[in-house]
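Okay, structure first, notes after.
The values are calculated or read from the model by the stated rules, or taken from the named source; none is laboratory data. Predicted, not measured: the structure shown is a model, and the values here were computed from it. All Cβ positions, even for glycine, are placed from backbone atoms using ideal geometry, and neighbour counts span all protein chains on display.
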Amino acid sequence: MNKPNPLCLALSLLMGAGVASAADSPRPDLNRQFLSPALDAGQWVERFENEGREIYHQREDIVRVAGIEPGMTVADVGAGSGLFEPLFAREVGPEGGVIAVDIAPKFLELISSRMKEQGLANVSTVLCTERSVELPAESVDFVFICDTYHHFAHPEESLGSIHSALKPGGVLMLVEFKRIPGVSSDWTFNHVRAGQEVFSKEIEAAGFEPFETHDFLQQNYIVKFRKVAKP
């Protein structure tokens, strides 16, 4: 069920991190289209969920390497159209839970409707801000960020809120576009602000350590991080 927050304003494929002071963001307009009341969520389903998109085509393998277990609570940060929600719901089972986190109310409305149609009672939604995932401290076991981290307008603050929300030893799994000169597309270079090394360093600085990588994707990389004490 949707959990509105009066302080909150989405992404996931998309999420960000403080609309209160967009001017201090390095990319203040990055998520504007997702915050618009006129957002057509259905249009994004067509973009996110088609066989031409690597993430959609490889979704089962991505969930497999996540290693999610029954009873876990999983937060999909930047859930977008809710592509991964039914898959996560299957893995955690009736004793677990899936939280679709996004900054776009329209995406969350879409996810709630789709999950209701599919009878998935273990999926809920949370409206976040561009600075915080708006989850209680030590409330989730696993955070999933797929093609969304580059939409974090305030990564340090967003990562801090994720670190707080994860239980001790909890896992953050990052799936992001490869940004490699001579290999990646012009779109990637214009849209994604940095590559794997930069993003990994930012996450490590927020109190995480990498422990597992997977390279079966062509356009994306996968790194899993474990929550440790902040530096």
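Number of residues in segment 36-90 that are part of a loop (DSSP other than H, G, I, E, B) and within 16 Å of the chain's Cα centre (by Cα): the value is 9.
Evaluated against (1) closer than 17 Å to VAL101 by Cα; (2) in a helix (DSSP H, G or I), PHE142 falls short on exactly one condition, (2).
Which condition does SER132 not pass, out of (1) within 25 Å of PHE216 (Cβ to Cβ); (2) in contact with a helix residue (DSSP H, G or I) (Cβ under 6 Å, 6 or more places away or on another chain); (3) modelled with pLDDT of 95 or more, if it passes all the others? The one condition SER132 does not meet is (1).
Quick one: would you say GLU46 is at pLDDT 70 or above, in contact with a His (Cβ under 6 Å, 6 or more places away or on another chain), surrounded by fewer than 13 Cβ atoms within 10 Å (Cβ to Cβ) and more than 20 Å from PHE144 (Cβ to Cβ)? When the stated conditions are applied, GLU46 does not pass them.
Residues are listed down the side, and each one gets a yes or a no for (1) surrounded by 14 or more Cβ atoms within 10 Å (Cβ to Cβ); (2) over 19 Å from LEU135 (Cβ atoms); (3) in contact with a Ser or Thr (Cβ under 8 Å, 6 or more places away or on another chain); (4) hydrophobic (A, V, I, L, M, F, W, C):
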residue: ILE55; (1), (2), (3), (4): yes, yes, no, yes
residue: GLN58; (1), (2), (3), (4): yes, yes, no, no
residue: ILE99; (1), (2), (3), (4): yes, no, yes, yes
residue: LYS116; (1), (2), (3), (4): no, yes, no, no
residue: ASN122; (1), (2), (3), (4): yes, no, no, no
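Listed here are the helices (runs of 4 or more DSSP H) enclosed by segment 149-231 that have at least 1 residues being touching a Ser or Thr at 6+ places or on another chain (Cβ under 8 Å) and crowded, with 22+ Cβ neighbours inside 10 Å: 155-165.
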